[in-house]
Each structure stands twice: as structure tokens, then as C-alpha cells.
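Below: the structure, in C-alpha cells.
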Amino acid sequence: MTTWLITGCSTGLGRALARAVLAKSDNAVVTARDTSTLQDLAAEFPTTALAVTLDVTVQSQVDAAVQQAVERLGGVDVLVNNAGYGYRAEIELLFCVQSGS
């Protein structure tokens, strides 16, 4: 059985991937800054899902998430670093913002 650690599982691609991984009976450490958004996954897959609070910009939380994965699931085989957000704008606007214009 493969163990996945997936960041950003509260919505979107991270959540869809987590559900797919868990549906095929793999283990998954599902993470989000607010784990209340993950409780349904943890309840639906109680033996294979581990919901963990994780803000990827906080090193102590990264360390704790990995430690929990090792203790409960024996380690991590696949890391999906999905957490983040996109900034959508016209390319000209992006350059203006970066240059301070």
C-alpha cells in the first residue's frame, strides 16, 4: 500500500486527488490549514486517511506532519505539494505589479 502526503486538500485539485487516492485504498495524509475541512474525508476513510493541520510556510508544522505520517502510517511514499493559490491577471498587469508601477 502506498502512502501519500498531499498538501492543500481543503478544496480543488488537492481534495479531488485525496479522494481518488483514498478510494483506491491507499493511505493519505490529507492536509490543510484548517482541518475542519477534512473531517468528512477522515470519517469516510478512518483507517487510511490522516487529517493533519499544515501551513506549508511553517517549518514546525511541516516537521510535525511528516512525523505523524511516520508514526501512524510508516512513512511517506509520494509527496504532492499542491498547497497554494494562483494569481490570474493579464501579463502586462503582472509586470506592473512586480515593478511597482
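The values are calculated or read from the model by the stated rules, or taken from the named source; none is laboratory data. Remember, it's a predicted structure, so these values are computed and weren't measured experimentally. Positions of Cβ are generated from backbone atoms using ideal geometry, with glycine treated the same way; all protein chains shown enter the neighbour counts.
Pairing each residue of the range 17-31 that is closer than 11 Å to ILE6 by Cα with any residue that is surrounded by fewer than 24 Cβ atoms within 10 Å (Cβ to Cβ) and of a type in the set (Phe, Trp, Tyr), provided the two are 6+ apart or on different chains, yields C-beta distances under 6 Å for VAL21/TRP4; ALA28/TRP4. Against the numbered list (1) touching a strand residue (DSSP E or B) at 6+ places or on another chain (Cβ under 7 Å); (2) over 21 Å from VAL58 (Cβ atoms); (3) part of a helix (DSSP H, G or I), LEU38 comes up short only at (2).
Of the residues in the range 79-98, none is modelled with pLDDT of 95 or more, among the charged types (D, E, K, R) and not in a loop (DSSP other than H, G, I, E, B). Only one of these is part of a loop (DSSP other than H, G, I, E, B) and within 14 Å of the chain's Cα centre (by Cα): SER10, SER25. Name it. Exactly one of SER10, SER25 is part of a loop (DSSP other than H, G, I, E, B) and within 14 Å of the chain's Cα centre (by Cα), namely SER10. Just one of the listed residues (ALA43, ALA69, ALA51) is at pLDDT 95 or above and in contact with a Gly (Cβ under 8 Å, 6 or more places away or on another chain), and it is ALA69.
The residue list VAL30, VAL70, VAL21, VAL66 contains one member that is surrounded by 21 or more Cβ atoms within 10 Å (Cβ to Cβ) and either touching a Lys or Arg at 6+ places or on another chain (Cβ under 7 Å) or more than 17 Å from GLY84 (Cβ to Cβ) (or both), which is VAL21. Within the range 41-57, being part of a loop (DSSP other than H, G, I, E, B) and either crowded, with 17+ Cβ neighbours inside 10 Å or not acidic (Asp, Glu) (or both) holds for PHE45, PRO46, THR47, THR48, LEU54, VAL56, THR57.
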